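The values are calculated or read from the model by the stated rules, or taken from the named source; none is laboratory data. The shown structure was predicted, so the numbers you read here are calculated from the model rather than taken from an experiment. Positions of Cβ are generated from backbone atoms using ideal geometry, with glycine treated the same way; all protein chains shown enter the neighbour counts. Note: areas computed on protein heavy atoms with side chains; ligands, DNA, RNA excluded. Shrake-Rupley method; radii C 1.70, N 1.55, O 1.52, S 1.80 Å.
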Amino acid sequence: MNNFEFKNPTKIIFGKDTIQKLETEIPNDAKVLLLYGGGSIKKNGIYEQVKTALSNVEVIEFGGIPANPEYAVLLNALKVIKAENITYLLAVGGGSVIDGTKFLSAAALFEGDMPWDILSKKIRTEKGMPFGTVLTLPATGSEMNSGAVITRAETKEKLGMGGPGLFPEFSILDPQVISSIPQRQLANGLTDAFTHVLEQYITYPNGALLQDRFAESILQTIIEVAPKVLKDPTDYKVASDFMWSCTMALNGLIQKGVPTDWAIHAMGHELTALFGIDHARTLAVIAPSHYQYNFEDKKEKLAQYAARVWNITEGSTDDKAYAAIKKTVAFFHELGIDTKLSDCTKDYEGTAEEIAKRFTDRGWLGLGEHQSLSPDKVEKIVKMAY
Ligand code: NZQ
Ligand code: ZN
């Protein structure tokens, strides 16, 4: 196992009817900006629960944060924060609202003139405005990590940011929120969380037995609950395992002491930036090609994944590793998720070259666990995904 440090300060409040606990988590003297998305919370009862819990605090609202949180919209929220002397942010939503809130937490205390610099110049946030979250969509893990991804439509960019100052102070996870999530978003959440684990697991063996088994147990749990969640999102037991698996997939724990990849996400973000494809769907497009292209480097872990997660125990390492890729593709298809770029857009010619050029321009010359995935290789992987 590699040396590591691990600190995750986010308090998780998990369970039925826990949204009311907001009342005790937010300081009484806070001036709160309540941030939300396109309005789903007003149809499923979450908004009322939040407002009731906050009845003793001063609250201003900012709705309309879109999926793939948009920089221009967030700048409007930043104006409200400054004009109203907001002291506390509350995100009520999925990854997009939470990520948007993290950007605002950083931007509110940022001393430069251009908040976009936080993203383009990779400025880490050591201290942000305090914020909490009420998670409405299990998927990203943003509720218990310190990263965010922000989109800028003007330049078709989607860039990451983060830093130790961007952990939520608390996150409320009530699995009952899952009952109103549309099938498409449930499938996205399952796919995103599944790929988060793969990014931290399908690398090369480094003898971290416990980390591998954490990863495998999350994958197994997602595979087990996936059809049940899609069939009946009101099943509380299943919803609980789904929600906690998504949080555990990306709260920092399983990546400690092991090499991590994240190249699938780097390529996927470009597909969202260029075509607006849902985040999770970009991952399902890239992952199979990525594993095929990097087969020699990754086949030991692919074979381990085949045996332990998919029960494929016959054959050589190569056989098992190939079978694991096929199983992964079949799993995505069972969720209703396509695995080719041509299934998501008809306008894909030139995409591989464009993404390779963007990585070169940004100086991203080596992605993946060996930092060896150069832009020319990225171009080949994206082409294989057409
Ligand atoms: O906007 P509203 O009306 O609320 O509707 C949302 C949105 O349309 C809807 N929804 C959420 N909860 C619901 C619900 N509908 C009914 N009932 C509910 N309870 O679902 C739609 C999608 O929401 P969104 O927040 O965009 O989805 P997700 O959680 O998948 O977040 C995706 C974003 O997170 C980023 C992605 O890149 C993308 O921008 N990620 C963030 C990460 C992180 N911070 O660690 C890691 C991930 O890899 C990912 O990159
Ligand atoms: Zn993701």
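Summed over the stretch 126-178, the residues that are under 22 Å from ASN8 (Cβ atoms), polar (S, T, N, Q), more than 10 Å from ligand 1 (Cβ to nearest atom) and open to solvent by 10 Å² or more (accessible area, probe 1.4 Å) give a count of 0. The C-beta contact set for the stretch 228-248 (first residue in the same structural domain as LEU137 (by TED's automatic domain parsing), second residue open to solvent by 30 Å² or more (accessible area, probe 1.4 Å), distance under 7 angstrom, 6+ apart or interchain) is empty. Taken across the stretch 42-55, residues that are free of Cβ contacts under 8 Å to residues at least 40 places away in the same chain, touching an Asp or Glu at 6+ places or on another chain (Cβ under 9 Å) and aliphatic (A, V, I, L, M) do occur, with at least one present. Residues in the stretch 28-41 that are in a loop (DSSP other than H, G, I, E, B) and either open to solvent by less than 60 Å² (accessible area, probe 1.4 Å) or among the β-branched types (Val, Ile, Thr) (or both): 3 in all.
Are any of the residues in the stretch 130-144 touching a residue at least 12 places away in the same chain (Cβ under 8 Å) and within 27 Å of GLY363 (Cα to Cα)?
Within the stretch 130-144, one or more residues are touching a residue at least 12 places away in the same chain (Cβ under 8 Å) and within 27 Å of GLY363 (Cα to Cα).
Listed conditions (1) part of a helix (DSSP H, G or I); (2) over 22 Å from LYS158 (Cα atoms); (3) within 14 Å of ligand 2 (Cβ to nearest atom) are all met by ILE286, apart from (2). Evaluated against (1) surrounded by fewer than 19 Cβ atoms within 10 Å (Cβ to Cβ); (2) closer than 30 Å to PHE242 by Cα, ILE46 falls short on exactly one condition, (1).
Pull up the stretch 259-274, narrow it to residues that are of a type outside the set (Gly, Ala, Ser) and open to solvent by less than 20 Å² (accessible area, probe 1.4 Å), then point me to the one that is nearest to MET1 (Cα to Cα). Before the answer, list the steps.
Applying the first criterion (of a type outside the set (Gly, Ala, Ser)) to the stretch 259-274 yields 259-262, 264-265, 267, 269-272, 274.
Next cut, open to solvent by less than 20 Å² (accessible area, probe 1.4 Å) only: 259, 261, 264-265, 267, 270-272.
On the way: PRO259: 9, ASP261: 16, ILE264: 24, HIS265: 24, MET267: 28, GLU270: 32, LEU271: 34, THR272: 34 Å.
Restricting to residues being of a type outside the set (Gly, Ala, Ser) and open to solvent by less than 20 Å² (accessible area, probe 1.4 Å), the top hit is PRO259.
Can you name the residue in the stretch 229-250 that is in a loop (DSSP other than H, G, I, E, B) and within 11 Å of ligand 1 (Cβ to nearest atom) and is also surrounded by the fewest Cβ atoms within 10 Å (Cβ to Cβ) among such residues?
PRO233
Does LYS102 satisfy the criteria of being away from ligand 2 (no atom under 16 Å from the Cβ) and not acidic (Asp, Glu)? Spelling it out, it is not the case that LYS102 is away from ligand 2 (no atom under 16 Å from the Cβ) and not acidic (Asp, Glu). Within the stretch 261-283, the residues that satisfy the criterion of being small (Gly, Ala, Ser) and either within 11 Å of ligand 1 (Cβ to nearest atom) or assigned to a loop (DSSP other than H, G, I, E, B) (or both) are ALA266, GLY268, ALA273, GLY276, ALA280. The residues of the stretch 317-344 that are under 22 Å from the mean Cα position of the chain (by Cα) and either polar (S, T, N, Q) or at pLDDT below 95 (or both), listed by number, are THR328, THR339. Given the structure, is GLY189 open to solvent by less than 30 Å² (accessible area, probe 1.4 Å) and either modelled with pLDDT of 95 or more or of a type in the set (Asp, Glu) (or both)? Against the criterion (open to solvent by less than 30 Å² (accessible area, probe 1.4 Å) and either modelled with pLDDT of 95 or more or of a type in the set (Asp, Glu) (or both)), GLY189 qualifies.
Screening ALA187 on (1) closer than 15 Å to GLY95 by Cα; (2) more than 8 Å from ligand 1 (Cβ to nearest atom); (3) in contact with a Ser or Thr (Cβ under 7 Å, 6 or more places away or on another chain); (4) assigned to a helix (DSSP H, G or I) shows it passes everything except condition (3). Here ALA280, ALA273 are screened, and the one residue that is within 16 Å of ligand 2 (Cβ to nearest atom), under 20 Å from GLY160 (Cα atoms), among the small types (Gly, Ala, Ser) and under 13 Å from the mean Cα position of the chain (by Cα) is ALA280. Restricted to the stretch 82-106, and to residues there that are surrounded by fewer than 24 Cβ atoms within 10 Å (Cβ to Cβ) and in a helix (DSSP H, G or I), the residue that is nearest to the chain's Cα centre (by Cα) is LYS82.
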